[in-house]
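These notes concern the structure reproduced below.
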Amino acid sequence: MTCLVALGGHVGTGKTTLAYGLRRTVGILKNAVVMDDDQVRREVLGVDLKYVFCDDDYTEAISARITGEIERRTVEALSRDIPVINASGFFTETARQAVQKLAEGLHKNFIGIWLIAPRHVMKERIVQRVLERQSLSQLVLERGHASDADEGVIGKFEDLGLPASPAWIVMDASISAQDLLAAVCETRFFCDKSQVIYG
């Protein structure tokens, strides 16, 4: 079963950590390509994890280029029957519909997971990530260090709403990363234990 997994939700809900956790844990995703817009932006701009983004890195033209590159990579992987986990956030309903239609257009299974958490939880995680980035030690993609967003991003986007499509399932992301991964693996998407690798 080749699928496109979309992880959406606010900054600080644990999308990137969950993405890599799913790739390690779920058998059908063990070879998945993990993507998020922050890492693709770094690759396109030719900067490493230590680089701090500036306003010029978020122009409309650059953002459109990033969106196009993510779509290109997704189509390429899925066309080769390689699953994709996209943790880009999907802040708008338009973006959520587009990623689902992309999977459907390629006749691949679509799994949407929408993460929600109280504002104080997201803020604590963002502050921790900012501190980790400032130390410049052990910066890794799996911990979301491609993003240097601060807590102001929460206020910038405010309420993102919930996905309209039933293909998305809403998950409480205020729990630990390990508990969230276990909870996602128990959903209707991954509940077939024959597909899951533990340990």
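The values are calculated or read from the model by the stated rules, or taken from the named source; none is laboratory data. Owing to the predicted nature of the structure, the values given are computational and were not obtained by experimental measurement. Here the Cβ positions follow ideal geometry from the backbone for every residue, glycine too, while neighbour counts run over all protein chains shown. Ligands, DNA and RNA are stripped out before the accessible areas are found, and what is left, the full protein with its side chains, is counted by its heavy atoms. Shrake-Rupley method; radii C 1.70, N 1.55, O 1.52, S 1.80 Å.
Per-structure values
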{"item": "Candidate set from region 100-121 (those that are open to solvent by 50 Å² or more (accessible area, probe 1.4 Å) and out of contact with any helix residue (DSSP H, G or I) (no Cβ under 8 Å at 6 or more places or on another chain)); member that is nearest to residue 170 (Cα to Cα)", "result": "116"}
{"item": "Any hit, region 168-179, residues being more than 28 Å from residue 74 (Cα to Cα), out of contact with any Lys or Arg (no Cβ under 9 Å at 6 or more places or on another chain), of a type in the set (A, V, I, L, M, F, W, C) and at pLDDT 95 or above", "result": "yes"}
{"item": "Flag if residue 113 is modelled with pLDDT of 95 or more and either assigned to a loop (DSSP other than H, G, I, E, B) or hydroxyl-bearing (Ser, Thr, Tyr) (or both)", "result": "no"}
{"item": "Enumeration of residues in region 18-49 that are closer than 13 Å to residue 85 by Cα and not in a helix (DSSP H, G or I)", "result": "26, 30, 31, 32, 33, 34, 35, 36"}
{"item": "Of residues in region 128-155 being of a type in the set (A, V, I, L, M) and open to solvent by 60 Å² or more (accessible area, probe 1.4 Å), the one modelled with the lowest pLDDT", "result": "136"}
{"item": "Yes/no for residue 76 being among the acidic types (Asp, Glu), in a helix (DSSP H, G or I) and surrounded by fewer than 16 Cβ atoms within 10 Å (Cβ to Cβ)", "result": "yes"}
{"item": "Breaking point among (1) open to solvent by less than 50 Å² (accessible area, probe 1.4 Å); (2) over 21 Å from residue 41 (Cα atoms), for residue 177", "result": "(1)"}
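Residues checked against (1) under 12 Å from the mean Cα position of the chain (by Cα); (2) closer than 25 Å to residue 159 by Cα; (3) free of Cβ contacts under 8 Å to residues at least 40 places away in the same chain:
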| site | (1), (2), (3) |
| --- | --- |
| 39 | yes, yes, no |
| 58 | no, yes, yes |
| 74 | no, no, no |
| 85 | yes, yes, no |
| 88 | yes, yes, no |
| 91 | yes, yes, no |
| 125 | no, yes, no |
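Residues are listed down the side, and each one gets a yes or a no for (1) within 26 Å of residue 55 (Cα to Cα); (2) in a loop (DSSP other than H, G, I, E, B); (3) in contact with an Asp or Glu (Cβ under 6 Å, 6 or more places away or on another chain):
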| residue | (1), (2), (3) |
| --- | --- |
| 95 | yes, no, no |
| 103 | no, no, no |
| 137 | yes, yes, no |
| 146 | yes, yes, yes |
| 156 | yes, no, no |
| 166 | no, yes, no |
